[in-house]
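Quick notes on the structure that follows.
The values are calculated or read from the model by the stated rules, or taken from the named source; none is laboratory data. If you're wondering where the values come from, they're calculated on a predicted model, not measured in any experiment. Note: ideal-geometry Cβ built from the backbone for every residue, glycine included; neighbour counts use all protein chains shown.
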């Protein structure tokens, strides 16, 4: 019975996919008849979100969202419009609105469709869709089991901010006047929990989550709940630190944020605006000579995989950093033209960056290598200047002595200069964080300023 239900739900999605393809084709046809070139994208998603708190159902929500967006080009003039109404009349009105806007915009010789030779006329199946029939009762049970595991883990867990389960499927369609029309289905499932621990009237919170394209790849509710509880308890009775210089480890999920500053700095939009601390660094050393980052957009079933970017440009494997040297910028059609280069498929972001580890033994090996210093498990605030590279953020984590965690720390600030921080990376662990578009282990930096008491 379940297999029949799964086939039925997939068949309905396929039917919806064809309807969306027809809508995209219609929009392009209307624009072309008006003398314009056009690109049209539509994403439609639906699913179930359930949340519980303190062993009670808090919310059950069914989602069904979607919109069609069109960009038209009259020569070098561009107009945009969107609609959530996909009837033929609404699509026609939306195209007409975009055309009207284009007539009043200033010409820009860098605007226009992506170059035809870059377009993904053939798109590989990346196994991004995995059907799962989830009844509301089962979704609620998953959330309740997760929260129960957290609340019962330790008497110091005194409150809960809730647990949630989400299941969503979607259809993405993109087409343009070059003759491209591609689409694919996707799915995403997640389970999370956030709890509060108390000791001597002092409270700390933390959370854990699991996310995957395939529901069978989610961590078990017990694991999620217990890890949320353990992380909250570990933060109890934090101490402050004296202001000092010391080595710092960014825990893997925090390390993704550090590498994301590199991604922002080499994005074409930052570079042509001259708003990057890595201006004119193509082909230059920006990281240690052992450091490699590759992009793998076609990994099967990965959260950040995609066969083409939001301009229809085919994605492809590429080296980002090789032996510490910057190999490429991250370019869209527009930013590429502004810089005298071509798009390399980064409209919409990055796709599965894999940071090469040079240390084995997970986090414990990095702690031993650092010997004494700060393990950062959370950063907060917006103290990053993308132009100068100044970095100053609030932080929390643990103080380490003799290669072992000693006690939690809070109310501190870590500061440095991003160019120096990147060059001064000592090691990358093999405790890879797979839940991000940047897959990296924990990162050890040689030295940072730590401001405390």
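Kindly establish whether residue 175 is in contact with a strand residue (DSSP E or B) (Cβ under 9 Å, 6 or more places away or on another chain) and closer than 19 Å to residue 351 by Cβ. It is false that residue 175 is in contact with a strand residue (DSSP E or B) (Cβ under 9 Å, 6 or more places away or on another chain) and closer than 19 Å to residue 351 by Cβ.
Just name the residue that is surrounded by the fewest Cβ atoms within 10 Å (Cβ to Cβ) out of those in segment 368-406 that are assigned to a loop (DSSP other than H, G, I, E, B) and out of contact with any strand residue (DSSP E or B) (no Cβ under 7 Å at 6 or more places or on another chain). The qualifying residue surrounded by the fewest Cβ atoms within 10 Å (Cβ to Cβ) is 382.
Only one of the listed residues (90, 100, 114, 132) is farther than 13 Å from residue 38 by Cβ and within 30 Å of the chain's Cα centre (by Cα). That residue is 132.
Listed conditions (1) within 30 Å of residue 26 (Cβ to Cβ); (2) surrounded by fewer than 17 Cβ atoms within 10 Å (Cβ to Cβ); (3) touching a strand residue (DSSP E or B) at 6+ places or on another chain (Cβ under 8 Å) are all met by residue 154, apart from (1). Against the condition buried (at least 21 other Cβ atoms within 10 Å of the Cβ), touching a strand residue (DSSP E or B) at 6+ places or on another chain (Cβ under 6 Å) and on the phi > 0 side of the Ramachandran plot, how does residue 312 come out, does it pass? Yes: the conditions hold for residue 312.
Could you pull out the residue among 210, 256 that is crowded, with 17+ Cβ neighbours inside 10 Å, in a helix (DSSP H, G or I) and either in contact with a strand residue (DSSP E or B) (Cβ under 6 Å, 6 or more places away or on another chain) or at pLDDT below 95 (or both)? Answer to the check: 256.
Counting only residues that are more than 23 Å from residue 446 (Cβ to Cβ) and in contact (Cβ under 8 Å) with a residue 60 or more places away in the chain, segment 355-395 holds 1 of them.
Evaluation of residue 95 against the conditions (1) under 14 Å from residue 30 (Cα atoms); (2) outside any strand (DSSP E or B); (3) out of contact with any helix residue (DSSP H, G or I) (no Cβ under 6 Å at 6 or more places or on another chain) shows that the sole unmet condition is (3). The condition of being in contact with a strand residue (DSSP E or B) (Cβ under 6 Å, 6 or more places away or on another chain) and closer than 30 Å to residue 306 by Cα does not hold for residue 446.
Could you say whether any residue in segment 414-430 is part of a loop (DSSP other than H, G, I, E, B), touching a strand residue (DSSP E or B) at 6+ places or on another chain (Cβ under 6 Å), at pLDDT 95 or above and on the phi > 0 side of the Ramachandran plot? No, segment 414-430 contains no residue that is part of a loop (DSSP other than H, G, I, E, B), touching a strand residue (DSSP E or B) at 6+ places or on another chain (Cβ under 6 Å), at pLDDT 95 or above and on the phi > 0 side of the Ramachandran plot. If you go through segment 124-164 and keep only what is part of a helix (DSSP H, G or I) and without any contact (Cβ under 8 Å) to a residue 60 or more places away in the chain, you end up with 137, 138, 141.
So that you can scan it fast, the table gives a plain yes or no per residue for (1) touching a strand residue (DSSP E or B) at 6+ places or on another chain (Cβ under 7 Å); (2) crowded, with 19+ Cβ neighbours inside 10 Å; (3) in a loop (DSSP other than H, G, I, E, B):
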residue	(1), (2), (3)
276	no, yes, yes
297	no, yes, yes
301	no, no, yes
337	no, yes, no
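Just checking, does segment 283-294 include any residue being modelled with pLDDT of 95 or more, out of contact with any helix residue (DSSP H, G or I) (no Cβ under 6 Å at 6 or more places or on another chain), under 13 Å from residue 354 (Cα atoms) and not in a loop (DSSP other than H, G, I, E, B)? Checked segment 283-294: at least one residue is modelled with pLDDT of 95 or more, out of contact with any helix residue (DSSP H, G or I) (no Cβ under 6 Å at 6 or more places or on another chain), under 13 Å from residue 354 (Cα atoms) and not in a loop (DSSP other than H, G, I, E, B). Annotation note: of 88, 107, the sole residue that is more than 30 Å from residue 215 (Cα to Cα), loosely packed, with under 14 Cβ neighbours inside 10 Å, touching a residue at least 60 places away in the same chain (Cβ under 8 Å) and not assigned by TED's automatic domain parsing to the domain that holds residue 314 is 88. In the set (1) surrounded by fewer than 19 Cβ atoms within 10 Å (Cβ to Cβ); (2) within 30 Å of residue 312 (Cβ to Cβ), residue 189 fails one condition alone, (1). Taking segment 339-361 as the search range and keeping residues that are at positive phi and surrounded by fewer than 17 Cβ atoms within 10 Å (Cβ to Cβ), which one is modelled with the lowest pLDDT? Ranking the candidates gives 361 first.
All of (1) part of a helix (DSSP H, G or I); (2) loosely packed, with under 14 Cβ neighbours inside 10 Å hold for residue 30 with one exception: (2). Looking at residue 39, is it within 25 Å of the chain's Cα centre (by Cα) and in a helix (DSSP H, G or I)? Judged against the criteria, residue 39 is not a match.
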